[in-house]
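Colleague: To start, I am sharing the structure in question, which I have written as structure tokens.
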Amino acid sequence: MKGVVGRKAGTAPGYVYSSAMKGAGAAGLVWVETNLAEYLKNPKKKVPANKMGFPGLKNPDDIKNVIAYLKSVSG
């Protein structure tokens, strides 16, 4: 997850992405805070047909904490 903040979706080298995630990136989805928050809350709504195997985080504080961590390892 290092470097995810600010990166276009589906573009990190060394990962196998679904066509949905690659398509989202090709359409311009960049992992800024608002997009990360929406994705962490409901991955299937933000990027339909993606391979993410969890339903999302419901607690807003959990979402904020995950984003804070991702920012700390992205800069």
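Colleague: Being surrounded by 11 or more Cβ atoms within 10 Å (Cβ to Cβ) and at pLDDT below 95 is true for just one of Val30, Val73. Which residue is that?
Modeller: On inspection, the qualifying residue turns out to be Val73.
Colleague: Specify the residue that is nearest to Leu57 (Cα to Cα); the eligible residues are those in the stretch 1-27 that are touching a strand residue (DSSP E or B) at 6+ places or on another chain (Cβ under 9 Å) and loosely packed, with under 14 Cβ neighbours inside 10 Å.
Modeller: Checked the stretch 1-27; the qualifying residue nearest to Leu57 (Cα to Cα) is Gly6.
Colleague: Continuing with the same structure: If a residue must be hydroxyl-bearing (Ser, Thr, Tyr) and in a helix (DSSP H, G or I), how many such residues does the stretch 1-53 contain?
Modeller: Result for the stretch 1-53: 3.
Colleague: Using beta carbons and a limit of 7 Å, which pairs, at least six apart or on different chains, have the first residue in the stretch 56-70 and within 13 Å of Lys41 (Cα to Cα) and the second one among the polar types (S, T, N, Q) and in a loop (DSSP other than H, G, I, E, B)?
Modeller: Gly56/Asn42
The values are calculated or read from the model by the stated rules, or taken from the named source; none is laboratory data. On a predicted model such as this, the values are computed, not experimentally measured, just so you know. So basically every Cβ, Gly included, is an ideal-geometry build from the backbone, and we count neighbours across all protein chains shown.
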